[in-house]
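Chemist: Dropping a structure here in structure tokens format, bear with me for questions.
The values are calculated or read from the model by the stated rules, or taken from the named source; none is laboratory data. Worth saying up front: this structure is predicted, and the values here are computed from it rather than measured. When we count neighbours, we look across all protein chains shown, and the Cβ atoms used for this are built from the backbone with ideal geometry, even at glycine.
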Amino acid sequence: MLDFARWKVWAITLTILVGMLFAVPSLLPQKALDRYPAFLPHSRVSLGLDLAGGSQLLLEADVADAAKQRITAMEENVRTELRNDPRVEIGDISTNGGRISFMVRDPAQLDTGVERMRTLAQPVGLTGTRAWDVQAFDGNRVVMTPTAQGSAEALKNALTVARDVVRRRIDPSGTKEVTVINQGAQRILVQVPGVQDPEALKALIGQTARLEFKLVDQSADPAAVAQGRAPAGSQVLPLADGTANIAVQRRVMVSGEQLVEAHQAFDPQSGAPNISIKFNAAGARRFGRVTQENVGKPFAIILDEKVLSAPNINEPILGGQASISGNFTTESANALAISLASGKLPVKLNVVEERTVGPDLGRDSIQKGIIASVLAVMAVIVFMLITYGRFGVYATAALIVNALMILGIMAIFNASLTLPGIAGFVLTIGAAVDANVLINERIREEMRRGRKILDALDTGYKEASTAIFDANITNTIAAALMWYFGSGPIRGFAVVLFIGIVTSVFTAVNFTRMLVALWVKRRRPRELHI
Amino acid sequence: MRLLKLVPDNTNIDFMRWRNLALILSIIATAASLMLVGVRGLNLGVDFVGGQMVRATFPQAVQVDQLRDQVGALGLGEASIQESGGPTSYQIRLPRPEGGEAAANAAASKVRQMLGSQYPGSRVDSVETVSGKVSEELATDGALAIGLAMIGIAMFIWFRFEWQFGVGALVTLFHDVSMTLGFFSLTQLQVDLNVVAAILTIVGYSLNDTVVIYDRIRENLRKYRKMQTVPLLNLSLNETLSRTIVTSLSILLALGALMIFGPEVIFGLTVAIFLGIFVGTYSSIYISAPILVWLGVRPDSFLRGEEGEKIERRGDGAVV
């Protein structure tokens, strides 16, 4: 009991000091924190959405839509691939029943067709399974069926992209404290502190901005176009203002996905707001080539299947820079620029859960939580002091250190404090003394059995430790499962509980033991009041 | 200074004397709780049944009937209105509207508008919308978490002690969880995600208490090999009684402060844990311990293999 190695004293003291040092920023008001020396930690315990106020959305990918989009993209790939040399002539591509199926006109080319389709069906990871199952039927038909692994992989990729797109849309400058994370196989969790209007948030996320550049089909018969009919290879699209229809080629010159930059600007001649865009290298090359080949002809700038404008190509546009004008206000141009720059959502997202908390509720809760915590600490301290005297002082010291260390560790790991987390904190305060109670009761018992002071202290700490260990494991199991199955605030509760268990065992067993050992060494007490 | 001793030294309470009576009471209470849950049901919140919940605070107390009529007039389906926390805070629950997201948005803003025009000065504290699919998952996850926690802890106890102790732990937890659910059914307090957290906390702390007692029983079984099981359990319970009381009281003190002065929104969570501590303390004395008698725990339960055989050969337990 007495031989408490010096290094142990240092290690314990240091651990506690570091923990407390990290707790300090959370206790200081913001103003004081600003003046706080730069070399000291500055991170504070962040507040969960239920305390800070804000909106939370849980978005779920529309799996059916993802599958449909995948088929459409594949259909396009198939067409492009078979058009390449040596060209394989095919009939119409059918996408019925979630499969791609087409007829090869010359049965002799069937094997080539199948072979080239297999190269399109990428293997999935290291599983050896391909993303599409390609088979030949009836001597002239190729059928491509998406495999389960391929679909899962595609969905996973789509969600990763979607997550980034959502983040860019909510937080284009990347400076806000928003959380956008993937959750499970098909969900994205969005948390935006401070936002009280989830409708605006949803509008921001859900906005589509599919930008395409297509050549205008000048061969189309104007009368047919007005009735909505277009020649093969072309389609009829309405103008954005709804005044007329226009026929454009189905083939996309360049699309919004090839943008690297989009920002709101002003037309140098008219001063009207427009959007200045810049293509990536491949997009710029392609745009340059097509404009070079089609000087003098008009092309259409299409946003979400509506033609914004159809200017003439006066000269080849080679630098990859262009601007989009339309009937924009500064705001609408800016909003469009953001959605263009953020890219296209690769899959439709539905809101399956939505929670908004006003700022007042959280503020009330924090205030009441602080009052309750302080009162809880005081009540437990008084109780410990009148029950255990000197050993109550040690338990109190452990309790205070423990409370500060919980805050410090939460700040280090950037865990957020939630409303149930406050309950976890208060509960931990009450339960943290349990280890000390176990030890102190055991010491009392050993004294009653007639042991000498040192012996009683030693046995007390030693015998109590198995009970402390076993008893805290049960709480750890509960906290771990709470964390695993819980979401949001409940996780916050579990985190506080878990940290509290670790720190309370540490402070009770090591810290108070050290205090007792130092006291005994210095004073050599002849009797023990406990 | 004289120190406070809630439990006098060397108590010798014959806890086990009432074990059969306690067993009957516990069985009745557990069965009654489960029946209550079955018949009366639980007041499940939007977290578990889906729908919308708007929580609002008004400048003064409102007529609930009037508010219900006003919400009903919006044509959003059957609304339920409950006081939440203080006398001026209410929660309005609506079924999830048909027609997906757009309809849900419309419903929430209709309620907001109505509150703004009919109750100037009221504020909307929170709006929650949970779809049927998510609420089903949350309910499954919650049940799974509680079930796994019970099994996990029982397995741990089995691993650290003996199978009888594991069974004891499981039965104790079943009792505690049933009683807690019964409490929520009786009071019709809303069961939301927080309550799942509360139940898990109760599971953890109830067993904390049980483990301390089991630990002492194990120690005494090794120490007093000739002692009969019942007196040995009594001895262990008496030895740990002071600790049980002091710890439970300090947790109750802390929770009491939270219950009286803490945020209203987590009142349900706090009340559940507060009561759970009582139930847990009772059950660790009157369920966890007597089960060991019924399951036939004896001093040699902790002596396995070679050592156990040795005891058998010596017959009369002359091992010291």
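Chemist: Looking at (1) among the hydrophobic types (A, V, I, L, M, F, W, C); (2) more than 11 Å from chain B (Cβ to nearest Cβ); (3) surrounded by 18 or more Cβ atoms within 10 Å (Cβ to Cβ); (4) more than 30 Å from B:D125 (Cβ to Cβ), can you tell me which one A:L454 breaks?
Modeler: Of everything listed in (1) among the hydrophobic types (A, V, I, L, M, F, W, C); (2) more than 11 Å from chain B (Cβ to nearest Cβ); (3) surrounded by 18 or more Cβ atoms within 10 Å (Cβ to Cβ); (4) more than 30 Å from B:D125 (Cβ to Cβ), A:L454 misses just condition (3).
Chemist: Which of the residues spanning segment A:229-252 are in a strand (DSSP E or B) and of a type in the set (V, I, T)?
Modeler: Scanning segment A:229-252 gives A:V236, A:I246, A:V248.
Chemist: Select from segment B:249-272 the residues that are in a helix (DSSP H, G or I) and either more than 9 Å from every other protein chain (Cβ to nearest Cβ) or modelled with pLDDT under 90 (or both) and list them in ascending order.
Modeler: Hits for segment B:249-272 are B:E264, B:V265, B:I266, B:F267, B:G268, B:L269, B:T270, B:V271, B:A272.
Chemist: Out of the residues in segment A:323-339 that are buried (at least 16 other Cβ atoms within 10 Å of the Cβ) and more than 33 Å from the chain's Cα centre (by Cα), which is farthest from A:A282 (Cα to Cα)?
Modeler: A:G326
Chemist: In this structure, does A:G228 turn out to be assigned by TED's automatic domain parsing to the domain that holds A:K306 and at positive phi?
Modeler: yes
Chemist: Residue check: is A:F493 touching a Gly at 6+ places or on another chain (Cβ under 7 Å), of a type in the set (F, W, Y) and at pLDDT below 85?
Modeler: It is true that A:F493 is touching a Gly at 6+ places or on another chain (Cβ under 7 Å), of a type in the set (F, W, Y) and at pLDDT below 85.
Chemist: Could you list, in sequence order, the residues of segment A:365-383 that are more than 7 Å from chain B (Cβ to nearest Cβ) and either without any contact (Cβ under 8 Å) to a residue 12 or more places away in the chain or buried (at least 24 other Cβ atoms within 10 Å of the Cβ) (or both)?
Modeler: Passing the criteria: A:Q367, A:I370, A:V374, A:M378, A:V382.
Chemist: Within segment A:504-530, how many residues turn out to be within 14 Å of chain B (Cβ to nearest Cβ), under 16 Å from A:E463 (Cα atoms) and not aliphatic (A, V, I, L, M)?
Modeler: 0
Chemist: How many residues does segment B:216-259 hold that are under 21 Å from B:G276 (Cβ atoms) and in contact with an Asp or Glu (Cβ under 6 Å, 6 or more places away or on another chain)?
Modeler: Counting residues in segment B:216-259 that are under 21 Å from B:G276 (Cβ atoms) and in contact with an Asp or Glu (Cβ under 6 Å, 6 or more places away or on another chain) gives 2.
Chemist: Among the strands (runs of 3 or more DSSP E) lying completely within segment A:261-317, list those that include at least 3 residues that are under 26 Å from A:V236 (Cβ atoms) and touching a residue at least 60 places away in the same chain (Cβ under 8 Å).
Modeler: Answer list for segment A:261-317: A:299-303, A:306-309.
Chemist: Would you point out which residue out of B:G41, B:G45 is away from chain A (no Cβ under 14 Å) and under 19 Å from the mean Cα position of the chain (by Cα)?
Modeler: Values: B:G45 fails: away from chain A (no Cβ under 14 Å).
It is B:G41.
Chemist: I would also like to ask the following. From the list B:L173, B:L148, pick out the single residue that is within 12 Å of chain A (Cβ to nearest Cβ), without any contact (Cβ under 8 Å) to a residue 60 or more places away in the chain, within 23 Å of B:L36 (Cβ to Cβ) and in contact with a helix residue (DSSP H, G or I) (Cβ under 6 Å, 6 or more places away or on another chain).
Modeler: B:L173
Chemist: OK, next. Tell me, yes or no, whether segment B:189-211 has at least one residue that is of a type outside the set (K, R), assigned to a helix (DSSP H, G or I) and more than 11 Å from chain A (Cβ to nearest Cβ).
Modeler: Within segment B:189-211, the first condition is being of a type outside the set (K, R), and the residues that meet it are B:189-211.
Subset that is assigned to a helix (DSSP H, G or I): B:193-211.
Applying the additional criterion that residues be more than 11 Å from chain A (Cβ to nearest Cβ) yields none.
Among the residues of segment B:189-211, not one is of a type outside the set (K, R), assigned to a helix (DSSP H, G or I) and more than 11 Å from chain A (Cβ to nearest Cβ), which makes the answer no.
Chemist: Another question, if that's okay. If I filter segment A:408-451 down to residues being within 10 Å of another protein chain (Cβ to nearest Cβ) and among the acidic types (D, E), which single residue comes out as nearest to A:L40 (Cα to Cα)?
Modeler: The selected residue is A:D434.
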